[in-house]
1. If we keep just the residues of region 169-206 that are of a type in the set (S, T, N, Q) and out of contact with any Gly (no Cβ under 9 Å at 6 or more places or on another chain), which is surrounded by the most Cβ atoms within 10 Å (Cβ to Cβ)?
2. So the check is Cβ under 7 Å with 6+ separation or different chains; which pairs have a first residue in region 205-216 that's under 15 Å from residue 229 (Cα atoms) and modelled with pLDDT of 95 or more and a second one that's of a type in the set (Phe, Trp, Tyr) and surrounded by fewer than 16 Cβ atoms within 10 Å (Cβ to Cβ)?
3. Could you list, in sequence order, the residues of region 92-105 that are buried (at least 16 other Cβ atoms within 10 Å of the Cβ) and touching a residue at least 12 places away in the same chain (Cβ under 8 Å)?
4. Of all the strands (runs of 3 or more DSSP E) wholly in region 68-170, which have at least 3 residues that are charged (D, E, K, R)?
5. Just the residues that are assigned to a helix (DSSP H, G or I), buried (at least 19 other Cβ atoms within 10 Å of the Cβ) and of a type in the set (A, V, I, L, M, F, W, C), please, taken from region 4-34.
6. Within region 47-83, restricting attention to residues that are closer than 22 Å to residue 235 by Cβ and β-branched (Val, Ile, Thr), which residue is farthest from the chain's Cα centre (by Cα)?
7. Any idea which of 254, 223 is part of a helix (DSSP H, G or I), crowded, with 17+ Cβ neighbours inside 10 Å and out of contact with any Lys or Arg (no Cβ under 8 Å at 6 or more places or on another chain)?
Amino acid sequence: MVKSYRFSAEERDSYARDGYVLRAGAFSARECGDIALAVENLVGDLVAAKRAEKQVVGSYMFELQSELRSVVKWEPQNPEVVQGVEPFAHISEQLNRWAHDPRLVDPSKDVVGDEDIALFTEKITMKRARTGGSIVLHQDYPYWMRMTEIADRIMTALIYLDDATVENGCLEVVPGSHKHGLQSRKKIEGFGSLEMDDAIYDTNRLIPIEAKTGSIVFFGGFLVHRSLPNRSNADRRALLYSYQPGGHPHGLELNRLLAEKQKARASAIAET
């Protein structure tokens, strides 16, 4: 018999109530070591690749690597330190294989609400020792709704590749916030308008999700979350796979189509 990793009745109730589920110790330390090595190799290759201009967009610093169809995120306060990579499955066969592990896929079916699911996007987050910065308070849904009409069906499985603590900037969430839909965001123009304003949001409602290496956090696009800087002497790395109902294009394809539309629109305006 093939083992199933679907949510238990208790986990389904917990997800409905809190908007997330934590599974401790889903992956072994050895497996996480293998994944972390693949992550470090990929990040090293991207850093060594042809450099593009870094752009500060909202609270982030991005570098678009067009040839690889990926984005490297840099620490805005430490521009030589990598903060993350998105997407990556198309340029790392090993990391793409992990995306299809039943320990990730089976529970994700219960969140997505479909037996046939596929990747929507994937990202690496790197909080280097003493230099890893914050990830701003936000919901994932506003970023996704610009790309697809099924943004409310997308969810994320986050794997801690290192022990995650308050000191090293673990994920922090607002339990139950997924029930309240789209939250108020910053009243500014551009990409930063997708972020929530922690100056007016009650951040006392946030709780840290501390967990050991190999634990998984499953959550949907409406859960309010953030992470704080890494103040420890060790890295805090995580791998995030976001899933959607099957039969829908990956975010890479959606971004390509969106870029083509924007280019066509700009060309039409220039001709008038």
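1. Applying the first criterion (of a type in the set (S, T, N, Q)) to region 169-206 yields 177, 183-184, 193, 203-204.
Of the ones still in play, those that are also out of contact with any Gly (no Cβ under 9 Å at 6 or more places or on another chain) are 183-184, 203-204.
Numbers: 183: 17, 184: 9, 203: 14, 204: 7.
Only one residue fits best here, namely 183.
2. So the pair list comes out empty.
3. Once the filter is applied, which keeps residues that are buried (at least 16 other Cβ atoms within 10 Å of the Cβ) and touching a residue at least 12 places away in the same chain (Cβ under 8 Å), region 92-105 yields 92, 95, 98, 99, 103, 104, 105.
4. The strands (runs of 3 or more DSSP E) meeting that bar are 117-127.
5. The answer is 32, and nothing else.
6. Step by step, filter region 47-83, then rank; the result is 47.
7. The match here is 254.
The values are calculated or read from the model by the stated rules, or taken from the named source; none is laboratory data. Just so it is clear, the model here is predicted, and its values are computed rather than measured. Quick reminder, even Gly has a Cβ in these numbers, built from the backbone with ideal geometry, and neighbours come from all protein chains shown.
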